[in-house]
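Notes follow the structure.
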There are 2 protein chains.
Amino acid sequence: MPDPIHEIPPEKPKPDLPPTRERIVLAALRLFQEQGFTATGVSTILREAGVNSGSMYHYFDSKEDLLRACLQWYIEHLEPIVMAPQKAATPGDPVERIFTLLDWYRQGLVQMNCTLGCPVGNLALECSDQYPLVRELIDRNFENWAAEIERWLDEAGDRLPGDLDRKSLSKFVLTVMEGGVMQARAHKSIEPFDASVAVLRDYTDRLLVEAAAKKKSRGGSGGGKAR
Amino acid sequence: MPDPIHEIPPEKPKPDLPPTRERIVLAALRLFQEQGFTATGVSTILREAGVNSGSMYHYFDSKEDLLRACLQWYIEHLEPIVMAPQKAATPGDPVERIFTLLDWYRQGLVQMNCTLGCPVGNLALECSDQYPLVRELIDRNFENWAAEIERWLDEAGDRLPGDLDRKSLSKFVLTVMEGGVMQARAHKSIEPFDASVAVLRDYTDRLLVEAAAKKKSRGGSGGGKAR
DNA sequence: GTCTATAGAGTGATAGAC
DNA sequence: GTCTATCACTCTATAGAC
């Protein structure tokens, strides 16, 4: 047996599970999405996280405080989990990237057999009226989501009409996603989601065609591709 | 004192409150929309309806059964409460009627200071995964809503492009309404709802212009008005 | 920081008299 | 068909030892 004092310590001396607080948040994230906030009991969260009541109330003032931590988690993970993969998949075409993003939500929905849906959207309808601080965090989630889309629309430059209201359209993309997810869950089929995205595609194509035509008539280098 | 036997009975011998069952449903409709299904206790429904536990469980098997009765109520009242007023307000212009309908939802939202929202949409996200029979009724609500819009789009005839996918567009209108309501509630402002409707307006205008142009090029009587 | 035990209120649902 | 009373649980949150 080697002398423990001279053992070289491993780089990660703690191969532990994530710290208690994070385990609680991760369990709550999953359960709130599966069952909703009200329908999820604190005791279930504790059991799934493998944690005791005293630990949870050490880190969080209340169940609502834990919910706020979950929404903060979504804010912090929007870029790395949701947006960055789409930028990597569609680096050169910010308009097409919007549909790559919508297809990412589509895949999640299909994978879950049209259950669960958008966790923030679910909480928006369940909790916005009753918990003002929660509503603010949901709002910030939506604002950040739409702000990213708006940057993509800006990035498209003159491929889109110059007088296009990019801020409204960015919110509209979120509207299409959330509305499509809602109907897909109710219909237990991806079809209403696809139908909604197809209409958005048609609209976008018309915007691209219009911008290309104006560019051409002004003596631009040529019409861009519509897709 | 007149002889009671010869008294002419009033046409409605029962000026009573609505019968017990309906009082329960009406209270539940309101509370489920205000607080959600899970967050609403049966005891609260009973108190608000002025009814005792035994009466409720005489008419309904369970709280979920009462929820199904509420969704049935929405199905039965879609036409008289939601759709008929728009047809009366915009009898000759089925395309404009869609925006009259969206403005009807807008008014409700503004009146309630951007709370409550669409009661069926709320239940869709809260209950679709957990209660299969409830999900089916929510689906039927959405189907009927979109089917009415589709009839309006059909009614518009050649004012809209002949190759337009009217079924998809009808679902899309529902998508815009629900997605706009969700963001308005989260933002506690009507602005995201208006932004979404404005984009739908722009899209619709483009469809009308395209159909009018095609009609003209085929030698029709003239271009229709874009609004 | 984590443990056990429990308070105190509320949950959906039922039994049985009237 | 409506009443009261109550069952058997579950809920969120806390107290206090370790």
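Please treat every number below as a calculation from the coordinates, not as lab data. Please read these numbers as outputs of a predicted model, since none were measured by experiment. For neighbour counting, all protein chains shown are included, and Cβ atoms are generated from backbone atoms with ideal geometry for every residue, glycine included.
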Three-way shape label, the protein assembly as shown, alpha-carbon gyration tensor, a/c 1.5 = oblate
Residue-averaged beta-carbon neighbours from other chains (10 angstrom radius) around A:206-218 = 1
Dipole of the range A:145-187 [Lys/Arg +1, Asp/Glu -1 at C-beta], most positive-end residue of A:ALA186, A:VAL176, A:TRP145 | A:ALA186
Rounded to a whole number, the mean other protein chain Cβ count within 10 angstrom for residues of B:190-196 is 5
Within the set of other residues whose C-beta is less than 12 Å from the C-beta of B:ALA84, count the net charge using Lys and Arg as +1 and Asp and Glu as -1.
-> 0
Once you put a point 7 Å from the Cα of B:THR100 and another 7 Å from the Cα of B:HIS58, both along the Cβ direction, what distance in nm separates them?
-> 4.4 nm
Shape of the range B:78-216, Cα gyration tensor, a/c cut at 1.5 | prolate
With only Lys, Arg, Asp and Glu charged, each at its Cβ (+1 for the first two, -1 for the last two), find how big the charge dipole of the range A:142-215 is about the Cα centre; round to the nearest 20 debye.
-> 100 debye
Taking a label point 7 Å from the Cα of A:ARG201 along the Cα→Cβ vector, which residues of the range B:198-215 have an amide N closer than 19 Å to it?
-> B:203-204, B:207
Distances from B:GLU48 to the same residue in each other copy, label points 7 Å out along Cα→Cβ, in nm, shortest first?
-> 2.8
Excluding residues fewer than 8 places away in the same chain, name every one of the aspartates and glutamates whose C-alpha is closer than 19 Å to that of B:LYS216.
-> B:ASP158, B:ASP163, B:ASP205
Over the whole of A:39-46, what's the average partner chain Cβ count within 10 Å per residue? Rounded to a whole number, please.
-> 1
Cβ-based net charge around A:ASP163, under 15 Å, with every Lys or Arg adding one and every Asp or Glu removing one | +3
Just need the relative contact order of the range A:74-217 here, percent rounded to a whole number, with Cα pairs under 8 Å and 6+ apart.
-> 26 percent
Rel. contact order, % - alpha carbon contacts under 8 angstrom, at least six apart, the range A:16-60 | 45 percent
Cross-link pairs B:LYS87/B:LYS171; A:LYS167/A:LYS215; A:LYS63/A:LYS188; A:LYS167/A:LYS214; A:LYS215/B:LYS167 - those with Cα-Cα distance over 24 Å = A:LYS63/A:LYS188; A:LYS215/B:LYS167
For B:ASP65, which inter-copy label distances result when the label point lies 7 Å beyond Cα on the Cα-to-Cβ vector, reported in nm to one decimal and in ascending order?
-> 4.2
Virtual spin-label span in nm between A:ASP65 and B:THR44, 7 Å along Cα→Cβ = 2.4 nm
Neighbour net charge for A:ARG106 - beta-carbon separation under 14 angstrom, K R +1, D E -1 = -2
Other-copy label distances relative to A:THR115, 7 angstrom Cα-Cβ extension, nm | 3.2
